[in-house]
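Just so it is clear, none of the values below were taken in a lab; they were calculated from the coordinates. Since the model is a prediction, treat every value here as computed from it, not as a measurement. When we count neighbours, we look across all protein chains shown, and the Cβ atoms used for this are built from the backbone with ideal geometry, even at glycine.
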Amino acid sequence: MDPVVTLTIVDRHRNYTPGETIVFEYTIESLQGNGIQAVEASVLWYTEGKGDEDMVVHYFERGGAESVIGEAFQGACRFETELPKSPLSYEGLIVKIQWCARIRVFLTSGAELHHETPFHLGEVPRPRSRSK
Amino acid sequence: MLRWLKPWGKKRGARRSGSRLLGSLGEALFYAFLFLLGSLSLVVILTSVRLGTWPSHHYFPELFFVEVTGKVVDQRRTPIDPPVGSPNVQPEILVKLKTQSEPVWVRIADPSVEREAALLELGKFEIGQDYTYWHALGDLRQIQTTEPTRYRFTLVIVTLISLILIGASGVGRTVVQEGTTPERRASIAQRAADLDLAGGTNHTIIDYPSVPDDVEMTNSPGIHFAYRLPIAHSPVLRLLAAAVFSLVWTSIAVVFVQVVVGGFLEGKGEWLLGIVTVAFVALASWSVYDLFQQLAFLVGIGPTSIEISHYPFYPGASYRLLLTQGSHMDLQYLKLMLACDEQATYRQGTDVRTEVRRVREDAILDLEQAQSKRDSAFEYECELRIPENVMHSFRSPNNSIQWKLIVNGKVGNWPFERVFPIVVFPEDSI
Amino acid sequence: MSRHCPPLNAMGNELSNRYSHGRVAAQNPFATRCTRPGTIPYFFGSSENLATLLDRLDELGGTAQIVGLHGSGKTTLLAMLVSHWKSLDRKIDQHQIRKTDNSTAMLFAGSANWNAETQVVIDSFDLLSRCQRARLLWFAKRRRCGFLIASHRELARVPVLYRTRGSLQTTFRIVQRLLPPTCELIQTSDVAGCFERCNKNVRETLFGLYDMYEQRRR
């Protein structure tokens, strides 16, 4: 079985408010002899739609094997961040803003595991399609 | 600070007296007169220089001096009868010019010198040697041994160019003044000291990442309410661009006309150049027409301004708003709406593709016949309510969400639209 | 055209997995992040593939051009080739020429490092001036590097490696790849109609389908 990394939100709820602290938890399973070189955890937003993608990282942490491997094997590693006041999640017609947390695990074999967990910041409803 | 010359724009305290339109028109005419005076005089002088006719030939004979060489064949000191105390000798040399069969006497000191000085001057011209001389075209009586200076001509040209520049910039400035209501500017200067601007603008890019900078929203105080909103694209700038284009193109056309007309009058006319000149003149005429159209458009429609009671904008919050539309003509209709646009830019290969999609549009004012009197501004005060549960303003390198107030109207036969971008902050920041 | 066209989800695709977990389920599959060059492969005609293209490039001595209209897949094909060369650890010097930035200056600055190991890849080469094009070709010849360019029109003195053409069949294949397996919002007739409306420009067709998808799912 291949190594797997999973990332979840602790005490997940539908929408997060600006200023709220969000906690993430990740586990690495089925390493089967693979060593961990480094782990990167990030919380970011990116745009999608009809324009080029813009991306801004709100939180970033990179740790070596020594900082994560013990915890990861025992149970789950956690990281947390206080969410900013903007931009709020948005699902527009041609511009969308998505918030997510990403975890990347770099194995000594050269392989890379990653997982992404989306979440909503704020409660902005979708705009309705407007005919001109 | 040096004040700009304003012959018609009378001021009494911080406000102007009389009709501002007439004042502006008078100023525009004055500066236009300077511009035309400079332009026409320049054309006349340059043309006459080329043709060798009046007025250049009369006032700037030095421009038409011819350089010749000649051999000195004799010298003399002519006694003259000067006023008491003045030098009494005029040194002269007899020169055989290569272009003339008969030798001519040339004065080498003007008007006259002492005897010793005359000997010294004559010593500079040895008999039998060739020297260079300058004489007026077709008139050997005006011959001299030094090259004529042309500083007078240069001075006149510089003066005329100055007139053109002063005239053009004066017209442009008058137009700018017309578009930005000097009363309001004076009031702004007065109120700026009274208002605590810092109190309402503690929103920064650091506090609200990706929300556009809102400094422009609050740096202009209003007269009735706290802030006057900035306009997206001032029509004055477009007018100035048209004015510069027109001036440059007209100047080029004038030079072409001068060259072509001069050529034809000399019998050396070039038809191809003539055809090109016609095209240049046509374009110059169009640019002048367009400039006056825009001028009339701007003066006729007048400035639009929006003032708001407080800031920043939050979804669900209400504000007082004052729309002012200055117009010298009757307003056919006037609309004010709050709109939200999404904008996305996509670059791939050679394509840069920007798409704008309107996701919200709320009418605030819709008047079929906005009754405004000529020469007085139309004013409308109302409530501006930012809708609840809407996305805040957002900007990233390739994507943005833009809120704006849009004024649509029609004055006479001219429809117009003026856009006032606003910044809406996230709802939870109240 | 048939009113009851079959859905375009008959073929499974690897991208669709992205919608099943991790991603926001409501993502529009025609968003630019899913359609930009490099995220979807170039679809060759029946007799062509990447290997035959690379063989032909070798036959041409490493210098060649890819020619095609806007939105026909030139950049996508270049991205596919670059990805292949990168997997072989080949030294790549890739440039996208734009009129509005300093890409030309960067290109000439980078040309100082070209050598026989370098594969130069330039998109929108026709935006350069005649003189600049001649200089770069001369540099490439002197340094003996691979020199592959993409252009909207055929340029003199450079052999044509491939002509990209946007076809309806190719567009079907791209859409099949992009759409989630269970999605029935976009039908074949929609793709065909959009392709015609967009003057057979594949990129514009995908933008049109984005709007269609967005409208129908709301």
> Which whole-angstrom value gives the distance between the alpha carbon centres of the stretch C:58-116 and the stretch C:126-143?
Replying inline: 13 Å
> Based on DSSP H runs of at least 4 residues, each adding -39500 (n - 2.57), what is the mean residue ellipticity at 222 nm of chain C after dividing by all its residues, to the nearest 500 deg cm²/dmol?
Replying inline: -12500 deg cm²/dmol
> Which value, in Å³ per residue, describes the convex hull spanned by the Cα atoms of the stretch A:4-121?
Replying inline: 106 Å³
> Given the C-alpha centroids of the stretch B:219-233 and the stretch C:179-218, what is the distance between them in whole angstrom?
Replying inline: 45 Å
>> Over the stretch A:4-121, what is the relative contact order in percent, taking alpha-carbon pairs closer than 8 angstrom and at least six residues apart?
In response: 36 percent
> How do the peptides C:83-89, A:4-10, A:89-95 rank, highest first, by the average count of neighbouring beta carbon atoms within 10 Å per residue?
Replying inline: A:89-95, A:4-10, C:83-89
> If you plug each phi of the stretch B:393-410 into the Karplus form 6.51 cos²θ - 1.76 cosθ + 1.60 with θ = phi - 60°, what whole-Hz ³J(HN,Hα) values come out, in order, with x for Gly and Pro?
Replying inline: 5, 8, 8, 9, x, 10, 9, 7, 10, 10, 9, 7, 9, 10, 9, 10, x, 9
>> Filter A:Lys85/B:Lys335; A:Lys85/C:Lys99; A:Lys96/B:Lys410; A:Lys50/C:Lys74; B:Lys410/C:Lys99; A:Lys50/C:Lys141 down to the pairs with a C-alpha to C-alpha distance above 28 Å, please.
In response: A:Lys85/B:Lys335; A:Lys85/C:Lys99; A:Lys96/B:Lys410; B:Lys410/C:Lys99; A:Lys50/C:Lys141
> To the nearest 20 debye, what is the magnitude of the charge dipole of the stretch B:278-430 about its Cα centre, counting +1 on the Cβ of each Lys and Arg and -1 on the Cβ of each Asp and Glu?
Replying inline: 340 debye
>> Could you work out how much longer the chain between B:Asp139 and B:Leu119 gets when fully extended? Use 0.36 nm per residue separation minus the Cα distance between them, nm to one decimal.
In response: 4.4 nm
> According to a simple spin-label model (label point 7 Å from Cα along Cα-to-Cβ), what is the distance in nm between C:Ser189 and C:Phe139?
Replying inline: 5.4 nm
> Do the sum for chain A: with -39,500 (n - 2.57) for every DSSP H run of n ≥ 4, divided by all residues, what is the mean residue ellipticity at 222 nm, to the nearest 500 deg cm²/dmol?
Replying inline: -2000 deg cm²/dmol
> Using 7 Å Cα-to-Cβ label points, what is the B:Val278/B:Val356 separation (nm, one decimal)?
Replying inline: 4.1 nm
> Per residue of B:352-359, how many C-beta atoms from partner chains lie within 10 Å of its own C-beta, taken as a mean?
Replying inline: 6
>> Taking loop as defined by DSSP and a crowding limit of 16 other beta carbons within 10 Å, which GluC sites (Glu not before Pro) in the stretch C:168-204 fit?
In response: C:Glu184
> Taking H as built 1.01 Å from N, whose amide H comes closer than 5 Å to the amide H of A:Glu91, not counting residues under 5 places away?
Replying inline: A:Ile97
> From the residues C:Asn28, C:Phe44, C:Leu155, which one has its Cα farthest along the dipole of chain C in the positive direction, the dipole being from +1 and -1 charges on Cβ of Lys/Arg and Asp/Glu about the Cα centre?
Replying inline: C:Leu155
> So how strong a dipole does chain A carry about its Cα centre when Lys and Arg Cβ are +1 and Asp and Glu Cβ are -1, to the nearest 20 debye?
Replying inline: 780 debye
> Between B:Leu165 and C:Arg90, what is the label-to-label distance in nm when each label sits 7 Å out along the Cα-to-Cβ direction?
Replying inline: 6.0 nm
> Mind checking the mean number of beta-carbon atoms from other chains within 10 Å of the Cβ atoms in C:94-100?
Replying inline: 2
>> Among C:Leu206, C:Ser83, C:Met106, whose Cα projects farthest towards the positive end of the dipole of chain C, with charges put on the beta-carbon of Lys, Arg (+1) and Asp, Glu (-1)?
In response: C:Met106
>> With +1 assigned to the C-beta of every Lys and Arg and -1 to the C-beta of every Asp and Glu, and no other charges, what is the dipole magnitude of chain C about the Cα centre in debye, to the nearest 20?
In response: 480 debye
>> Let me confirm one metric for peptide C:114-124, namely the mean number of other chain beta-carbon atoms within 10 Å of its residues' beta-carbons.
In response: 1
> Leaving out same-chain residues fewer than 8 places away, which aspartates and glutamates sit with a Cα under 14 Å from that of B:Lys404?
Replying inline: B:Asp214, B:Glu216, B:Glu307, B:Asp341, B:Glu342, B:Glu361, B:Asp362, B:Glu417
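Let me have the relative contact order for chain C, percent, based on Cα pairs under 8 Å that are six or more residues apart. Numbers along the way, then the final one.
On the way: 315 pairs, mean separation 75.6, N = 218.
Relative contact order for chain C comes out at 35 percent.
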> If we count other beta carbons within 10 Å of each Cβ, what is the order of C:Cys198, C:Cys131, fewest first?
Replying inline: C:Cys131, C:Cys198
>> How much of the DSSP bridge set in the stretch A:4-121 is antiparallel, in percent, rounded to the nearest 5?
In response: 95 percent
